[in-house]
1. If you check ARG155, ARG146, ARG192, ARG134, which single one turns out to be among the charged types (D, E, K, R) and without any contact (Cβ under 8 Å) to a residue 40 or more places away in the chain?
2. Being surrounded by fewer than 18 Cβ atoms within 10 Å (Cβ to Cβ), outside any strand (DSSP E or B) and either on the phi < 0 side of the Ramachandran plot or not polar (S, T, N, Q) (or both): is that true of ALA322 here?
3. Which of the residues spanning segment 287-304 are touching a Phe, Trp or Tyr at 6+ places or on another chain (Cβ under 7 Å) and farther than 27 Å from SER243 by Cα?
4. May I ask you to say which residue of PRO475, PRO469, PRO462 is modelled with pLDDT under 90 and under 25 Å from PHE361 (Cβ atoms)?
5. Please go through segment 134-152 and pick out each residue that is farther than 18 Å from THR436 by Cβ, in a loop (DSSP other than H, G, I, E, B) and at pLDDT 85 or above.
6. Taking into account only those residues within segment 273-290 that are in contact with a Leu (Cβ under 6 Å, 6 or more places away or on another chain) and of a type in the set (A, V, I, L, M), which is farthest from SER402 (Cα to Cα)?
7. Determine whether GLU209 is within 21 Å of ASN415 (Cβ to Cβ) and either buried (at least 17 other Cβ atoms within 10 Å of the Cβ) or in the same structural domain as PHE367 (by TED's automatic domain parsing) (or both).
8. Within segment 93-110, can one find any residue that is at pLDDT 80 or above, in a loop (DSSP other than H, G, I, E, B), under 25 Å from GLN406 (Cα atoms) and hydrophobic (A, V, I, L, M, F, W, C)?
Amino acid sequence: MALGTQLESLRPNKVTYAIRAGLSVLAAGAFTFNNIALAQEAESEDDRFTGDEEEEILEEVIVTGFPGALRTSQAIKENSDVVVDSITADDMGALPDRSVTEALQRVPGVSINRFAAGRDPDHFSVEGSNLIVRGLTYVKSEINGRDAFTANNGRGLNFSDISPELLAGVDVYKTLAASQIEGGIAGTINLRTRKPFDAESNIFNFSVEGTYSDFVEEFTPTVSGLASFRWDTNAGEFGFLVSGVYSQIKSRSDRLQVSNFAERTLYSSGDVIDTGNGETPVQDVYFPRGAVMGTQEFDKKRQGYSAAFQWRSPDESLEATAEFLRSDSREAWTEQTVEIATDNVASNGDSRAVPGTTFTFDESDIFDSGYITGPTGWRDDQWSGDPRTPVFGLQSNNIARSVEQQYVTDDLSLNLKWFVNEEWAVSFDYQHVKSTVENLDTGLWTSSFQNARLDLNGTDLPSVQFTPPILCTGPTSNECPTYM
């Protein structure tokens with residue numbers, strides 16, 4: 001107290017001294033505390049001379065925004081009797097994800113597949129698919145604690161079709177309580193939609209976003225809106241909420257592969273086969289059988305609508321909730337691919353050098369560049385005196401595919417809660433789910449024969465060039481012209 005009085009009387013000098021020379025940590029803290037007290041005393045002359053001060057008690061701190069969302073997710077995890085992780089609407093909005101699947105990959109223990117299917121590593125999934133919880137498949141899907149599904153070869157919901165703008169949060173249950181219905185080996189993922197009683201007042205929200213895809217060089221939009229109302233009447237409290245979202249994303253996936261390397265023997269002729277002309281083995285090398293070039297273009301559109309109505313009786317003993325959610329996802333994609341059928345190459349004499357050419361290998365004896373071909377036969381007359389088709393050539397699968405898909409899921413639910421007393425409550429629940437899938441898949445699969453000019457280019461992307469096969473004049477390779 002004596003220190004405070006001394007600082008008050010010498011305040012101008014002390015401030016100047018603190019700026020010029022500095023104070024010790026203890027003195028600076030004392031000065032700051034006393035300075036705040038002086039500022040409060042200056043508000044009232046009577047309090048300053050009598051020493052009376054009114055204390056303001058801060059009863060509640062409400063944290064909103066992104067820190068509030070994190071606290072909400074943490075509270076769900078902390079207060080739950082089971083192992084659960086949650087993400088809120090703010091979490092999903094703050095992350096650069098355009099689908100629920102993309103957002104869920106950030107939850108601990110949840111992984112997503114980057115391929116279109118588990119057994120199809122040749123086709124990438126730009127937005128991810130197939131959720132895996134703790135390394136296990138068969139995840140049960142729910143909407144507001146009720147079963148939900150997509151009519152697509154299974155009982156689960158296709159989470160990538162749901163727009164995250166329609167949700168209040170997502171809960172990932174890794175273990176279940178006795179009150180929850182089982183059905184998922186890996187766990188249960190519950191999508192929570194927004195309700196009007198979630199907010200204390202009316203809410204209006206509208207957002208517009210744009211995404212630029214550099215491969216397809218196009219902008220695509222995302223537009224969403226929400227309106228929520230609450231009002232009190234003599235008949236009780238009412239709430240109504242409606243929201244909608246439209247989003248589009250265009251993307252492209254390219255693949256370039258030098259495929260099916262196998263250990264082969266390099267001969268003194270510079271080829272990886274023994275033609276029987278006195279070649280001697282030189283060393284073992286790793287040599288490919290073919291290559292793949294392909295591209296896919298995707299155009300995905302999502303439309304989602306939700307509505308919720310709530311009523312609470314004046315004595316708060318009854319509460320009714322009606323909810324509707326529609327997810328409409330449409331995707332069109334095309335594919336163009338040229339892929340050497342390496343299994344056919346291996347079973348028909350295997351790959352080798354184009355006559356008249358040699359290969360280069362790196363320091364690890366792995367193929368680096370060269371022209372490759374194979375002795376795959378085309379037609380019976382190729383070995384005749386006047387062949388109409390070349391003898392050599394790698395057989396390829398040439399694929400052109402076009403797919404149009406539409407996934408629609410409607411979820412309608414009604415719930416009535418009756419709080420009989422402080423110990424008893426009765427709940428009546430009804431749900432109707434309807435899901436339809438339309439799929440139009442057309443493709444053209446042809447086969448041709450060609451040679452391949454390959455250059456792995458070290459750490460850069462490899463170069464692949466398909467060229468016409470050699471037209472020989474006879475049945476043996478040494479009768480073919482030099483090919484460079």
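1. Sole residue among the options that is among the charged types (D, E, K, R) and without any contact (Cβ under 8 Å) to a residue 40 or more places away in the chain: ARG155.
2. Spelling it out, it is not the case that ALA322 is surrounded by fewer than 18 Cβ atoms within 10 Å (Cβ to Cβ), outside any strand (DSSP E or B) and either on the phi < 0 side of the Ramachandran plot or not polar (S, T, N, Q) (or both).
3. PHE287, PRO288, GLN296, GLU297
4. Criteria check complete, one pass: PRO469.
5. Within segment 134-152, ASN144, GLY145 qualify.
6. VAL282
7. So GLU209 does not fit the description; no.
8. Looking through segment 93-110, none of the residues is at pLDDT 80 or above, in a loop (DSSP other than H, G, I, E, B), under 25 Å from GLN406 (Cα atoms) and hydrophobic (A, V, I, L, M, F, W, C).
The values are calculated or read from the model by the stated rules, or taken from the named source; none is laboratory data. What you are looking at is a predicted structure, and each value in this text was computed from that prediction instead of being measured. So basically every Cβ, Gly included, is an ideal-geometry build from the backbone, and we count neighbours across all protein chains shown.
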